[in-house]
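A short write-up of the structure that comes next.
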Amino acid sequence: MSRIGFGYDAHRFAEGRSLTLGGVLIPHSAGLLGHSDADVLTHAIIDALIGALGKGDIGKHFPDNDPSLKNANSLLMLKKVMAWVKEESWRINNVDATVVAQQPKLAPHIDAMRDTLSGVLDVEPNRINVKAKTTEGMGFCGREEGMEAFAVVSLIHFTDEA
Ligand SMILES: [Zn+2]
C-alpha cells in the first residue's frame, strides 16, 4: 500500500519578521507574515502529509485563530502530523518540494533544510528533496511580495515491508 499527497502554501513578506524555511532561520531583510512562524515550505509539506492521510488540510487541524499557534515553530505542527502518520502505520517514502522565491538565494540553505526536515520526518536526508526556483521576476514571487511552496509526499505502509 502506498499513498501520495500534495501540498501548496503561500505567504507574503513583511518587515520585522524572521524568515524560517524548512525549520531553518535564513538571514533576509524581510520575513514571512503569518499566524505561526509562516514557514511556507514546512506548511506545504504538512498539507501534503495531511492530504496523503485523507485528513483534510492544515487549516482544519491548526486554525489561524488558535492562540497557542501564535508565532509557533511550524516544526512542532509537522511533528504532530508525523505522529498521525506513524499511528496509522505509514512511513515517509520520499518528499519532493519546490520553494518559489525571487530573493533571497536559497541554494546555500538547502542542505540545512533537508537535514532539519529529515530529523522530524524520520527519514534519511536523501529521501527529502528541496528545490528553489525564481519566477524570473514574474508574479507575486517575482515582485518579492511573497513566497510560495509546493510539496509532494509519498507514504509506504509498514505492512508492505519485508
Ligand atoms: Zn502557511
*Measure nothing but the geometry: give the 0 to 90° angle between the long axis through the Cα atoms of 74-87 and the longest principal axis through the Cα atoms of the chain, rounded to 10°.*
10 degrees
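What GluC sites (Glu not before Pro) does segment 6-112 have in DSSP loop regions with at most 16 other beta carbons within 10 Å?
On the way: sites: GLU15, GLU87, GLU88; in loops: GLU15, GLU88.
Answer in residue order: GLU15, GLU88.
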*Separation in nanometres of the label points that stand 7 Å from Cα toward Cβ, at THR98 and VAL123*: 1.9 nm
*If you average 1/r over every pair of different alpha-carbon atoms in segment 1-78 and take one over that average, what Kirkwood value in Å do you get?*
12.9 Å
_Where a label projected 7 Å from the Cα of GLU87 along Cα→Cβ would reach, residues of segment 39-72 with amide N under 15 Å_ = 50-51, 53-57, 61-62
*Quick one: how many lysine pairs in the chain have C-alpha atoms under 26 angstrom apart, if they're 8 or more apart or on different chains?*
14
*Over segment 41-90, consider all pairs of different Cα atoms and compute the Kirkwood hydrodynamic radius from their mean reciprocal separation; express it in Å, one decimal.*
11.1 Å
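For the chain, the longest stretch holding no trypsin sites (Lys or Arg not before Pro) located in a DSSP loop with at most 16 other Cβ atoms within 10 Å is which?
The answer is 1-54.
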*Might you report the magnitude of the Cβ-based charge dipole of the chain about its Cα centre, with Lys and Arg at +1 and Asp and Glu at -1, to the nearest 20 debye?*
40 debye
*asked:* Compute the helix-to-body angle for 40-53: its Cα long axis versus the longest principal axis of the chain, expressed 0 to 90° and rounded to tens.
replied: 30 degrees
*In degrees from 0 to 90, rounded to the nearest 10, what is the angle of the helix 110-121 Cα long axis to the longest principal axis of the chain?*
40 degrees
*Once the principal axes of the Cα atoms of segment 1-139 are found, what is the range along each, listed largest first in whole angstroms?*
43, 35, 26
_Alpha-carbon centroids, segment 70-100 and segment 20-66: separation in whole Å_ = 10 Å
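Taken together, the values in this text are just the output of simple stated rules run on the coordinates, not laboratory data. The structure presented is a predicted model; accordingly, all values stated were derived computationally and were not measured. So basically every Cβ, Gly included, is an ideal-geometry build from the backbone, and we count neighbours across all protein chains shown.
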